[in-house]
1. Going by average Cβ density within 10 Å per residue, which order do the peptides 516-529, 555-568, 469-482 take, highest to lowest?
2. With a point put 7 Å past each Cα toward its Cβ, work out how far D108 is from V91 in nm, to one decimal.
3. Using only Cα atoms, tell me the angle between helix 130-142 and the longest principal axis of the chain; keep it within 0 to 90° and round to the nearest 10.
4. Which label marks the calculated value of semi-axes √(5λ) of the Cα gyration tensor in Å, given the options [x] 66, 32, 21; [y] 36, 30, 26; [z] 50, 34, 26?
5. Quick one: if you stick a label point 7 Å off each Cα along the C-beta vector at L416 and Q604, how many nm between them?
6. Which order do peptides 227-233, 570-576, 259-265 fall in by mean Cβ count within 10 Å, highest first?
7. Would you work out which of A375, L362, A348 lies farthest towards the positive end of the dipole of the range 331-398? Charges go on Cβ: Lys and Arg +1, Asp and Glu -1.
8. I'd like the FRET efficiency for S165 and V626, computed as 1/(1 + (r/R0)^6) with the beta carbon distance as r and R0 of 25 Å, rounded to 0.05.
Amino acid sequence: MAPRRSRGTLWLLLAALLLGAAGQFAWRQGEPALARGAALWGAALILYGVSLWVGGERPAWPTRLLGQTRDLVGRSWLRIVALVAALAASVLVGGAALRRAPGEPCWDLLAYWALVVTLALAAMVLWRDVPGRLAATWRRACRPTPELLAVLGLTVLAGFLRFWSLETIPAALSGDEASMGLEAAGVLAGTLTNPFATGWLSHPTLYFFLQAPFVHWFGRTVAALRISSALASTVTVPMLYLMARRWFGRRVALMATVFLVGYHVAIHFGRLGMNNTWDPALALGALYAIDRGIERHSAAWALLGGLCVGLGAYFYMGARLVPLLVAAYLLLSWRGGTRYWERAVPVATLAVGGAAMVAMPLLMFWRAHPADMVARWKMLAIGPSGWLADEAVRRGVSEAVVFLGQLRKAALGWVLYTDPTFHYGATIPLLGTGSAVAFVFGLVTAARRWRNSGAALLLVWIGAVVLFGGALLENPPSSPRYVIAIPAAAMLVALGLDDLARRLGSLVDLPTPASAAVAFLVAVGLAVASGRYYFQTYTPLGIYGGHNTQVAQGIARHLQTLPSPVACYMAGAPRMYYGFATIPYLNPAVEGVDLLEPLKEAAQVPETAGPAVFVLLPERLTELDVIQERYPEGRLTRHHSAAGELLFASYWVEG
């Protein structure tokens, strides 16, 4: 060892020993000094590692890792500089958004953030390869393979099933959809200005900015709120095929895609103006891009995967499982040794940087308002909300027994229990009879193939959703929380069909192509049956959103038939108020007034300054006599459901 290097190593080693001793001494001071001691020990271990490096005792893998990182960025460290600069710019955007006064526009910050993300991704692209790749893509498009035609055809069919009659299927606009619509309308009106904050029920506001253009182009309609979800649900179809093909081959991928096209849960949430419809696309995008980045050693794919992870923070809380799924997949893909990690670590690092860059403005908002980050969890989780303890006392059992009941409902929501919420409320479980059988056999097949990282991840995926989206939250199995697992369920159904077809075919000496054809036809049958259930059985029931949503939809549509301007006096309290979001979203020009107290005499009836309509729910219909006494020339109309049940009565007054 050279004298200078020897002296440097000695000083580093002595400094490490001193820092370690100082850290140990700090720990002996008790609880208040724990953090200081940990910091000193951390510095000591870092210096000790540097001393080993300087002294020449360096393992081979860091050198190889450094080489892999250089190859990943095309031997241009400027790409790393670009990512760091983009991350810094994102921090500036977040800080500026926090400093903006309420009501002050943030369109410049949104544009700056989008530009930063785009330029960072562009910096990772090897542009010298782009012309060749475009030419190859064009040649393939000019001579499409049967596989490409099949995927395109399935995507078009999926789009039709999700876009067709968006205004009227489901017939009602739920309060949650309309509440998000009012937020989007607030973006257009300038009352909601910060895309990097939280809004209604602590949902991140960026989604409302995504909905706003459609509301601007198509007006305050039901379809305008649902278009973005239909787009996301349609795009999920080819993404599922690509991911399933990488893991299980074309046969399973095609069956999974066919099933997804007609899967009733995917169709339903693909037709709702809700932010959870984006969860499957973001999960598939992150997994596929990062996997592709490791395989092709591509910085652009790595960063794209990180962007999908980061974008998940701006949508439904289910997307917060995406980082967990990605981390689990990286671990499951490891087959021992360091070679895999030498390729995976640089890709994962770039992905983390991309995720941080995208999510940073919202993360900074959450840091300034920590209660908003966990508001939904505190509201819905069985522990923080106090539900678990209260339920144990109410039933006279232990909390463990209550939790096991939760876990049973959450796990069997796929095959046995039905959705208890108004978000869907289907009369069958998340999977129909045939698809449930295939799903269970798919779980067994995935467990048998646990060495396949894709199969193992499906088990983790389903398990994470059952635990975090079901057992740990109130009222399982609540279908909106299971939406992120739709791709995993489709792949498990296909895996089950494929395994059954292979095994049964071998037992009866059926040729492989014939058994594959049978499995494919069964997948088509399951998809058709699931789609028929949604459109021919569920939709005519008119149960989406619950009874109050049906009432609100009827009131909103009735108000749209009246001449404008009109005032609406609603006698619905305490069950319903005019502020039920469906009504004001669809009728922005109507002035709504709640009649909170029962009307007992004519003097209590408000004086109308112009055309007005009094809306009375059935339980307050007795007040109609008082209104008619005040305005005897009005026109009474009773509004019933398709089943003949009285929803509300309206009394039109000319003014």
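The values are calculated or read from the model by the stated rules, or taken from the named source; none is laboratory data. Model, not experiment: these values are computed from the prediction. Virtual Cβ from ideal backbone geometry, glycine too; neighbours counted across all protein chains shown. Each accessible area value is taken on the protein alone, full model and side chains, heavy atoms only, with ligands, DNA and RNA left out. Shrake-Rupley method; radii C 1.70, N 1.55, O 1.52, S 1.80 Å.
1. 469-482, 516-529, 555-568
2. The modelled label-to-label distance comes out at 2.2 nm.
3. Rounded to the nearest ten degrees, it is 50.
4. Computing semi-axes √(5λ) of the Cα gyration tensor in Å and matching it to [x] 66, 32, 21; [y] 36, 30, 26; [z] 50, 34, 26 gives [z].
5. Result for the modelled spin labels: 5.1 nm.
6. Ranked from most to least packed, the peptides come out as 259-265, 227-233, 570-576.
7. Among A375, L362, A348, the one farthest towards the positive end of the dipole of the range 331-398 is A348.
8. Taking R0 as 25 Å, the efficiency between S165 and V626 is 0.05.
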